[in-house]
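The values are calculated or read from the model by the stated rules, or taken from the named source; none is laboratory data. Please read all numbers here as calculations on a predicted model, not as lab measurements. All Cβ positions, glycine included, derive from the backbone under ideal geometry; neighbour counts span all protein chains shown. What goes into the accessible areas is simple: the full protein's heavy atoms, side chains included, and nothing from ligands, DNA or RNA. Shrake-Rupley method; radii C 1.70, N 1.55, O 1.52, S 1.80 Å.
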Amino acid sequence: STLLTQIGAYTAFDADLRFVEGAEPVRMAQLDAEALQAPGVAPLHGRLFTSEENRPGGDVHQAVISERLWRDRFAGDMAILGATIRTAQTTLTVVGIMPTGFGFPDRVDLWTPMESYYAVSRAAKSRTQRFYGVTARLARGGSLPQAEQELNAIAAQLE
């Protein structure tokens, strides 16, 4: 596409953060760096994960957390940046905290690179997987009808 930028894929689901005293349910998203950048919201503290951290063999065990989770669960302690947290499947290093109210795509409190799913599960990638949503930004000078027309043409070519 020439009319869209920061095209990224994501999936969101319910998960558990694990602590010594038990588990806490959270809404979690696995996505690529572009999907987290597409809304145009900068982290409150720290950083977003990078494209390099979302490649096979990359350091995929990174996490960005919501301000709500940081405040409510970690008492707003800045020491959470660089610290590790656990889910049922893996250990993650917190690299960023998103600002109040940010919950893309679906009231999410914990974001990880999409590649972390494949690293932990060892699942094979397949073009038939249909559980990813897609987001993008409209390129400067483009219109939504133009982008829709372009995407329909690309879809027809792929078909």
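Beta bridges per DSSP, both residues in the chain: antiparallel share near 75 percent.
Note on the chain: with a GNM built from Cα contacts shorter than 10 Å, the maximum mean-square fluctuation among G46, G133, G22 falls on G22.
For region 91-101, backbone phi angles converted through the Karplus equation (6.51, -1.76, 1.60; θ = phi - 60°) give residue-by-residue couplings of 9, 10, 9, 6, 10, x, 10, 7, x, 3, x Hz, Gly and Pro being listed as x.
Over the chain, dividing the summed -39,500 (n - 2.57) contributions of all DSSP H runs of at least 4 residues by the number of residues returns a 222 nm mean residue ellipticity of -6000 deg cm²/dmol.
Which log10 I(q)/I(0) values does region 1-97 give at q = 0.14, 0.17, 0.20 Å⁻¹ under the Debye formula, counting every alpha carbon as one identical point scatterer? For the requested q values the scattering log ratios are -0.55, -0.80, -1.09. Put simply, when 3-12, 134-143, 108-117, 25-34 are sorted by average Cβ atoms within 10 angstrom per residue, most first, you get 108-117, 25-34, 3-12, 134-143. Positive end of the dipole of region 1-69, charges at C-beta (+1 Lys, Arg; -1 Asp, Glu), about the Cα centre: which of G22, L4, S51 has its Cα farthest in that direction? In region 1-69, that residue is L4. In this structure the chain gives 56 Å² per residue of accessible area when probed at 1.4 Å with all protein chains present. Note on the chain: with a GNM built from Cα contacts shorter than 10 Å, the maximum mean-square fluctuation among L81, L44, L144 falls on L144.
The portion of the accessible surface of region 1-135 made up by carbon and sulfur, rounded to a whole percent, is 51 (1.4 Å probe; DNA, RNA and ligands excluded).
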